[in-house]
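Report on one structure; see the data block that follows.
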Amino acid sequence: MNPKNFKVFALDVGILAAMAGIPPKSLVQGTHLFNEYKGAFVENYVAQQLKSDKKIDLYYWTSKGKRAELDFLC
């Protein structure tokens, strides 16, 4: 475990959108702005579900040179 190698997730995807200043309409209509960040929303949702349903610690892994990564290592 390396404390310098981490990702931050919000408690809820709605809170994430509000913190990012993304209007709700963008999420519903799938605008270019949402398409740009939908990967982050999906990752946040998965983290939220793993943490709340399974109550497990989540870790992030990246290879040397950052050529490969695992978003969730449990």
Simple spin-label estimate for residue 52/residue 71, 7 Å along Cα→Cβ, in nm, reads 1.7 nm
Burial-style ranking of 15-26, 52-63, average other-beta-carbon count within 10 Å with highest first, yields 15-26, 52-63
A correct Karplus calculation of ³J(HN,Hα) over the stretch 55-66, with 6.51 cos²θ - 1.76 cosθ + 1.60, θ = phi - 60°, whole Hz and x for Gly and Pro, returns 6, 10, 7, 10, 10, 10, 10, 9, 6, 4, x, 6
Sorting 49, 5, 65 by the position of each Cα along the dipole of the chain (Lys, Arg +1; Asp, Glu -1; all at Cβ), the one nearest the positive end of that ordering is 65
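Neighbouring Cβ atoms within 10 Å as the yardstick, rank 8, 28 fewest first. Before the final figure, lay out each step's value.
Numbers: 8 6, 28 9.
Going from sparsest to densest Cβ surroundings: 8, 28.
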In the structure shown, of 7/54; 25/51; 7/55; 4/38; 4/54, the pairs separated by more than 22 angstrom at the C-alpha atoms are 25/51; 4/38; 4/54
Ordered by number, the GluC sites (Glu not before Pro) in the chain that occupy a DSSP loop and have at most 12 other Cβ atoms within 10 Å are none
Longest principal axis of the chain (C-alpha) makes with the long axis of helix 32-49 (C-alpha) an angle, in degrees to the nearest 10, of 50 degrees
So, for the Cα atoms of the chain, Rg and Dmax in Å stand at 14.0, 40
Along the stretch 8-13, Karplus-curve 3J(HN,Hα) (6.51, -1.76, 1.60; θ = phi - 60°) to the nearest Hz, with x for Gly and Pro, reads 10, 10, 7, 5, 8, 5
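Every number here is computed from the coordinates shown, using simple stated rules; none is lab data. Keep in mind that this is a model prediction, so the values were computed, not measured. Neighbour counts are summed over all protein chains in view; Cβ atoms, including those assigned to glycine, are modelled from backbone coordinates with ideal geometry.
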